[in-house]
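Undergrad: The structure under discussion is supplied below as structure tokens; questions concerning it will follow.
The values are calculated or read from the model by the stated rules, or taken from the named source; none is laboratory data. Treat the numbers as computed from the prediction; the structure is a model and nothing was measured. Note: ideal-geometry Cβ built from the backbone for every residue, glycine included; neighbour counts use all protein chains shown. To get the accessible areas, we keep the full protein, side chains included, count just its heavy atoms, and leave off ligands, DNA and RNA. Shrake-Rupley method; radii C 1.70, N 1.55, O 1.52, S 1.80 Å.
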Amino acid sequence: MLGLPQLLSRRSLPVVDRSPVPTVGQRPLPAILATLRLEARGGQSWVRVERLEGEKVLDTILEPGQSRELALGSGLKIRSGRPDLLYVAVGTSRPQPIGGVSDLDWYEFRP
């Protein structure tokens, strides 16, 4: 995690831009919207997703093996009742657990 864990802290994880860089003579490639993929593994996981401004995007319980894909837009924040069972991937990155079983903070994902 980035930064020192603090009580009720927010955690922010940057999105790595892996888009190809055009060479001389090529047209720039169109920007691809970054996506955030959520997947429950090993058990149920309650998850709430909001835009950084606070608008609710998702509030549900994901069953094991169930996933959701959301547009990242200008950024999203996530909170889960079982962060150890909620795996998150940005774009084509490998899914990682969002946190440990007791990491009940909000996690921010920005482009």
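Undergrad: For the stretch 75-84, how many residues meet the condition of being open to solvent by 80 Å² or more (accessible area, probe 1.4 Å) and either in a loop (DSSP other than H, G, I, E, B) or under 13 Å from GLN44 (Cα atoms) (or both)?
TA: 1
Undergrad: If you don't mind, another one. In the stretch 39-64, what residues are of a type outside the set (D, E, K, R) and out of contact with any strand residue (DSSP E or B) (no Cβ under 7 Å at 6 or more places or on another chain)?
TA: GLY42, GLY43, GLY54
Undergrad: Write out, first by first residue and then by second, each pair whose Cβ atoms fall under 6 Å of each other, whose residues are 6+ apart or on separate chains, and whose first residue, in the stretch 85-99, is farther than 17 Å from GLN44 by Cα and in contact (Cβ under 8 Å) with a residue 40 or more places away in the chain while the second is part of a strand (DSSP E or B) and open to solvent by less than 40 Å² (accessible area, probe 1.4 Å).
TA: Pairs found: VAL90/LEU36.
Undergrad: When the stretch 48-59 is examined, which residues are found to be touching a residue at least 12 places away in the same chain (Cβ under 8 Å), open to solvent by 30 Å² or more (accessible area, probe 1.4 Å) and part of a strand (DSSP E or B)?
TA: ARG48, ARG51, VAL57, ASP59
Undergrad: Please indicate, with yes or no, whether at least one residue in the stretch 62-70 is aliphatic (A, V, I, L, M) and at pLDDT below 95.
TA: Looking through the stretch 62-70, none of the residues is aliphatic (A, V, I, L, M) and at pLDDT below 95.
Undergrad: Pairs under 9 Å by beta carbon, first residue within 13 Å of ARG48 (Cα to Cα) and open to solvent by less than 60 Å² (accessible area, probe 1.4 Å) in the stretch 63-74, partner of a type in the set (Val, Ile, Thr) and not in a loop (DSSP other than H, G, I, E, B), six or more apart or different chains?
TA: LEU70/THR35; LEU70/VAL49; LEU70/VAL57
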